[in-house]
Amino acid sequence: MDYIELLLSHARQQGYDVPALLSSCSITPAQLTEQSALPVKQFAALYQRLIGLAQDDSFGMLYGGKMPNGSFRMMCYCIEHCSTLGQALQRCSEFYEVCKGPNIKPTVSLHQGRALFHFASLDSQPQEVADQLVSNHSPTLIRTTFSIWHRFISWMIGTRLPLLGAEFSFAEQPHGQDFELLFQCPIDYRRPQNRLMFDASWLDKPLVQTGDDWRGFLKTAPYQLMVMVNGDSSLSARIRALLGRDFSRPLPSAERVAQQLGLSVRTLRRQLALEGTSYTQLKNQCRKEAALDYLSCPELSIQDVAHLVGFDDPSPFIRAFRQWSGQTPGDYRASLLNA
């Protein structure tokens, strides 16, 4: 919630009608005062609207400048065909060098077998620019920016990237448990730089997302980054991360998923059975959860939702949804509005 308050504070400073903004995302004032967090779908809607209003893809993030709408999408197009995580992160850094707006860029350096993810000045500026810019921002914004990048990296490789440590330049915060929950690694404060550390061998990991996966991700960003299961390294969680929330495209076969994860199909099925599930069950569960999430977005029609969860026509979607939930999509949406 502290990050949401930070976003709304920026919105007020720029003259936006915050009550109207909250209402458009179905967020009530009581939620901001009585809850410790917002449901992820409401946060995603709020964030997308703020980016649209500000015409700034970097709104609420640590980049030191305004980035035109579409910048993040173009960066994703630039990296989707990279073969390894290291190549993708290098290309991200290069993108920020040429993208109009930012004064700093994400970068990775190596030290004694560790990869250090941090922010550096553009090549045209001294490193002191990045150090000063980062130090002038709030711990909340720094924490969230690093967390989002960690989740983005994890999404690209299809599993949570295990961190060896996280270092921050500010003092320990009152809600230190939030840092522990987000990063799940040793955390040091009052350090010279803000950075995440992981074993350098992860830079050689292949990107598992296909072109269609990237397009589905971009339709709903940052939603998929928010719903990633922290600390769950099970095969089921890895497959759920690969499937995402866009079922308008043909889903990969079990053989394709096994190949992406470096497993044989037999091993994939055996491990899923040990976890009490199957690939078919996971697909159906993810499709059902996606339908529930999309129906909570009033701007999407029933036909839109049907398409997003993989049905060409609303009629079979309505039948399937009744089997999943015992209600029609319309009745379920009405129950949300009356709740």
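The values are calculated or read from the model by the stated rules, or taken from the named source; none is laboratory data. Nothing here was measured: the structure is a model prediction, and the numbers come from that model. Glycine also receives a Cβ, built like all others from the backbone with ideal geometry; neighbour counts cover every protein chain displayed. Remember, those area values only see protein heavy atoms, side chains included, never the ligands or the DNA or RNA. Shrake-Rupley method; radii C 1.70, N 1.55, O 1.52, S 1.80 Å.
For the stretch 268-285, enumerate the residues that are open to solvent by less than 60 Å² (accessible area, probe 1.4 Å), outside any loop (DSSP other than H, G, I, E, B) and without any contact (Cβ under 8 Å) to a residue 40 or more places away in the chain. Even if it seems obvious, please write down each step before you answer.
Narrowing the stretch 268-285 to residues open to solvent by less than 60 Å² (accessible area, probe 1.4 Å): 268, 272, 277-279, 282-283.
After this cut, where a residue has to be outside any loop (DSSP other than H, G, I, E, B) as well, the list is 268, 272, 279, 282-283.
Listed by number, the residues that qualify are LEU268, LEU272.
So GLU5 clears everything in (1) touching a Pro at 6+ places or on another chain (Cβ under 8 Å); (2) in contact (Cβ under 8 Å) with a residue 12 or more places away in the chain; (3) open to solvent by 30 Å² or more (accessible area, probe 1.4 Å) except one condition, right? Which one?
(1) is the only condition that GLU5 fails.
Can you find even one residue in the stretch 50-61 that is aliphatic (A, V, I, L, M), open to solvent by 60 Å² or more (accessible area, probe 1.4 Å) and at pLDDT below 90?
In the first step, residues of the stretch 50-61 are kept if they are aliphatic (A, V, I, L, M); the result is 50-51, 53-54, 61.
Next, only the ones that are open to solvent by 60 Å² or more (accessible area, probe 1.4 Å) stay: 53.
After this cut, where a residue has to be at pLDDT below 90 as well, the list is 53.
Looking for residues that are aliphatic (A, V, I, L, M), open to solvent by 60 Å² or more (accessible area, probe 1.4 Å) and at pLDDT below 90, one finds at least one in the stretch 50-61, hence yes.
Within the stretch 38-87, count every residue that is within 15 Å of the chain's Cα centre (by Cα), assigned to a loop (DSSP other than H, G, I, E, B) and more than 16 Å from ILE148 (Cβ to Cβ).
Final tally of qualifying residues: 1.
Here are LEU181, LEU133: which of them is among the aliphatic types (A, V, I, L, M), modelled with pLDDT under 85, open to solvent by 50 Å² or more (accessible area, probe 1.4 Å) and closer than 27 Å to SER9 by Cα? Walk me through how you get there before you give the answer.
Details: LEU133 fails: open to solvent by 50 Å² or more (accessible area, probe 1.4 Å).
Of LEU181, LEU133, the one residue that is among the aliphatic types (A, V, I, L, M), modelled with pLDDT under 85, open to solvent by 50 Å² or more (accessible area, probe 1.4 Å) and closer than 27 Å to SER9 by Cα is LEU181.
Scan the stretch 18-29 and tell me whether some residue there is touching a residue at least 40 places away in the same chain (Cβ under 8 Å) and in a loop (DSSP other than H, G, I, E, B). Explain how you work it out, then say what you get.
Residues of the stretch 18-29 touching a residue at least 40 places away in the same chain (Cβ under 8 Å): 26.
From what is left, the residues that are in a loop (DSSP other than H, G, I, E, B) are 26.
The answer is yes, given that some residue of the stretch 18-29 is touching a residue at least 40 places away in the same chain (Cβ under 8 Å) and in a loop (DSSP other than H, G, I, E, B).
Quick one: which of LEU122, LEU163 is under 25 Å from ILE79 (Cα atoms) and in contact with a Cys (Cβ under 6 Å, 6 or more places away or on another chain)? Even if it seems obvious, please write down each step before you answer.
Details: LEU122 fails: in contact with a Cys (Cβ under 6 Å, 6 or more places away or on another chain).
Sole residue among the options that is under 25 Å from ILE79 (Cα atoms) and in contact with a Cys (Cβ under 6 Å, 6 or more places away or on another chain): LEU163.
If I filter the stretch 157-172 for residues that are of a type in the set (Gly, Ala, Ser), modelled with pLDDT under 85 and closer than 30 Å to SER236 by Cβ, do I get at least one hit? Don't jump to the end; show me each part of the working.
Going residue by residue through the stretch 157-172, those that are of a type in the set (Gly, Ala, Ser) are 158, 165-166, 169, 171.
From the residues that got through so far, the ones that are modelled with pLDDT under 85 too are 158.
Adding the requirement that they be closer than 30 Å to SER236 by Cβ leaves 158.
Scanning the stretch 157-172, I find at least one residue that is of a type in the set (Gly, Ala, Ser), modelled with pLDDT under 85 and closer than 30 Å to SER236 by Cβ, so the answer is yes.
Give the residues of the stretch 135-193 that are closer than 28 Å to VAL208 by Cβ and acidic (Asp, Glu), sorted by residue number.
Of everything in the stretch 135-193, just one residue is closer than 28 Å to VAL208 by Cβ and acidic (Asp, Glu), namely GLU180.
Exactly one of these conditions fails for LEU235: (1) open to solvent by 20 Å² or more (accessible area, probe 1.4 Å); (2) more than 26 Å from LEU38 (Cβ to Cβ); (3) at pLDDT 70 or above. Give me its number.
Result: LEU235 passes all but (1).
Between ILE148, ILE79, which is crowded, with 16+ Cβ neighbours inside 10 Å, in contact with a helix residue (DSSP H, G or I) (Cβ under 7 Å, 6 or more places away or on another chain) and within 26 Å of PHE179 (Cα to Cα)? Break it down into steps so the answer makes sense when it comes.
On the way: ILE79 fails: within 26 Å of PHE179 (Cα to Cα).
Every option except ILE148 fails the conditions.
I'm trying to understand the selection: among the residues of the stretch 184-228, which are within 28 Å of HIS137 (Cβ to Cβ), modelled with pLDDT under 75 and open to solvent by 30 Å² or more (accessible area, probe 1.4 Å)?
MET226, VAL227, MET228
Of the residues in the stretch 303-322, how many are at pLDDT 90 or above and open to solvent by 40 Å² or more (accessible area, probe 1.4 Å)?
Of the residues in that region, 5 qualify.
Of all residues being open to solvent by 70 Å² or more (accessible area, probe 1.4 Å) and free of Cβ contacts under 8 Å to residues at least 12 places away in the same chain in the stretch 117-130, which is nearest to GLY165 (Cα to Cα)? Just the residue, please. Don't jump to the end; show me each part of the working.
So in the stretch 117-130, the residues open to solvent by 70 Å² or more (accessible area, probe 1.4 Å) come out as 123-124, 126, 128.
Right, trim to free of Cβ contacts under 8 Å to residues at least 12 places away in the same chain and you get 124, 126, 128.
On the way: SER124: 30, PRO126: 26, GLU128: 23 Å.
Among them, the one singled out is GLU128.
Which condition number does VAL265 fail, the rest of (1) hydrophobic (A, V, I, L, M, F, W, C); (2) open to solvent by 50 Å² or more (accessible area, probe 1.4 Å); (3) without any contact (Cβ under 8 Å) to a residue 12 or more places away in the chain being met?
Failing condition for VAL265: (2).
Can you tell me which of (1) surrounded by fewer than 18 Cβ atoms within 10 Å (Cβ to Cβ); (2) more than 24 Å from the chain's Cα centre (by Cα); (3) small (Gly, Ala, Ser) is the one SER109 doesn't meet?
All conditions pass for SER109, except number (2).
Based on what the data block shows, is GLN90 in a helix (DSSP H, G or I) and under 28 Å from MET1 (Cβ atoms)?
On the way: in a helix (DSSP H, G or I): yes; under 28 Å from MET1 (Cβ atoms): no.
Here the answer is no, as GLN90 does not meet what is asked.
Provide a single number: the residues in the stretch 30-58 that are in contact (Cβ under 8 Å) with a residue 60 or more places away in the chain and among the hydroxyl-bearing types (Ser, Thr, Tyr).
1
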